[in-house]
Amino acid sequence: VVPNPEVARLLTPERGYFDAGVAGYISLVPFEGSVPLYRLYLGSQHFYTASAELRDLKIGQGFTNEGIIGYTAGPGVPGTIELVRMVSFDPNLGVLYSLVSDPVQFVYLVAGGWAADITAPDGGIAGRVAAQPDATLGEPLVHLANLFLGDNIFLTGSVMQVPAIDPATVLRTDR
């Protein structure tokens, strides 16, 4: 496991993102009772769901599937809290999305004109996270925000390191 290079890349002045804190804790690998957290992208907006049905619906609406960023707890996993997808509309930027698990942040967003995405097939629940790291859900879900783009991107603080392949040890099958 190594630090996520995408976090460092987005936190540069050229990219314009700032660290808005940790939205909860997820896992880098599947575990019993886990569900994948999908990340999608359209224009300047990122969208998150643990629902394959909603992922496919959004892909049909033009979103690009950026894959699985990690694994959240499924329903009924004790010690977890809901990761709520919030939605807002900006006349210049269009539909904006964010995620929140903290009740205080939820109230703050609602006061600012945001609403839970309750009309979505997943009821606006993007997954379930741990409020504090534990043995299973120990990877921070880092929230980076860009006020100019209205984008909220959520990334794991670390990624699995892919081992380097020694070309001398790879079987050649092209002869």
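Some notes on this structure:
- Scanning the chain for GluC sites (Glu not before Pro) in DSSP loops with at most 13 neighbouring Cβ atoms within 10 Å leaves 33-175 as the longest stretch between them.
- Based on Cα contacts under 8 Å between residues 6+ apart, the chain shows a relative contact order of 32 percent.
- Between PHE18 and ALA111, full extension at 0.36 nm per residue minus the direct alpha carbon distance yields a gain of 31.3 nm.
- Solvent-accessible area per residue, Å², over the chain with all protein chains present [probe radius 1.4 Å]: 55 Å²
- Cα-centre dipole for the chain with unit charges at Cβ (Lys and Arg positive, Asp and Glu negative), debye to 20: 260 debye
- Sparse-neighbourhood loop sites, chymotrypsin sites (Phe, Trp or Tyr not before Pro) in segment 17-66 - DSSP loop, at most 15 other Cβ within 10 angstrom: PHE31
- Taking the 1.4 Å solvent-accessible surface of the chain as the whole, the part contributed by carbon and sulfur is 61%.
- For GLY16, neighbours were defined as the other residues whose beta-carbon sits under 14 Å from its Cβ, and their charges (Lys and Arg +1, Asp and Glu -1) total -1.
- The slack in the chain from ASP134 to PHE31, taken as 0.36 nm per residue of separation less the alpha-carbon distance, amounts to 35.8 nm.
- With the convex hull of the Cα atoms taken as the outline of segment 1-91, the averaged projected area works out to 7.7 nm².
The values are calculated or read from the model by the stated rules, or taken from the named source; none is laboratory data. Since the model is a prediction, treat every value here as computed from it, not as a measurement. So basically every Cβ, Gly included, is an ideal-geometry build from the backbone, and we count neighbours across all protein chains shown. We work out accessible area using only protein heavy atoms, side chains counted, and drop any ligands, DNA or RNA first. Shrake-Rupley method; radii C 1.70, N 1.55, O 1.52, S 1.80 Å.
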